[in-house]
Amino acid sequence: MSIFSKIKNAIFGSPAAAAEAPAADSPASSAAPSSSPASAPTASAPAATTAAGAPATPAATAIDVVPILDAAVKKSGQKLDWRHSIVDLMKALGMDASLAERKELAEELGYSGDMGDSAKMNMWLHKALMKKLSENGGKVPADLLD
């Protein structure tokens, strides 16, 4: 899975996690499989949540990234500035924020600058990530897009 996909899934919620959540929460999940209709998932299954604990939202609705990332920072227990730092954003989501991971993300997002200049790359990465999240259904404040 790409680094961007990991970030997006951590913020927006993972389709795989949504599919697994009802089975994991069900006491019948440890029982042998049955072909009876009673074992089929129902509409009353628990709603999926993002890594930050916010409810996952259908793709048709823009997902406000600010409260999700603010909650992730709070949950982390660290003083992180996700609004300005790609490293802090990744840490808030519980991801590896190493230089190698950031270089991989930079390649995915099309960075053409000097990857040896990590400060410049990090600033570009943050803006590019915010733009990419916005393009993929995220509601991102205008001040984080320019």
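Numbers for the structure displayed
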| item | result |
| --- | --- |
| Burial ranking of peptide ranges 107-116, 132-141, 77-86, 3-12 (average Cβ count within 10 Å, highest at the top) | 3-12, 132-141, 77-86, 107-116 |
| Potential extension, Glu104-Lys79 segment - 0.36 nm per residue separation minus Cα distance | 6.5 nm |
| Full-extension gain in nm, Ser112 to Asp143, via 0.36 nm per residue minus C-alpha separation | 8.8 nm |
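Read-outs: derived from the displayed coordinates by stated rules, not from any lab. All of these numbers come straight from a predicted model, not from anything done at the bench. For neighbour counting, all protein chains shown are included, and Cβ atoms are generated from backbone atoms with ideal geometry for every residue, glycine included.
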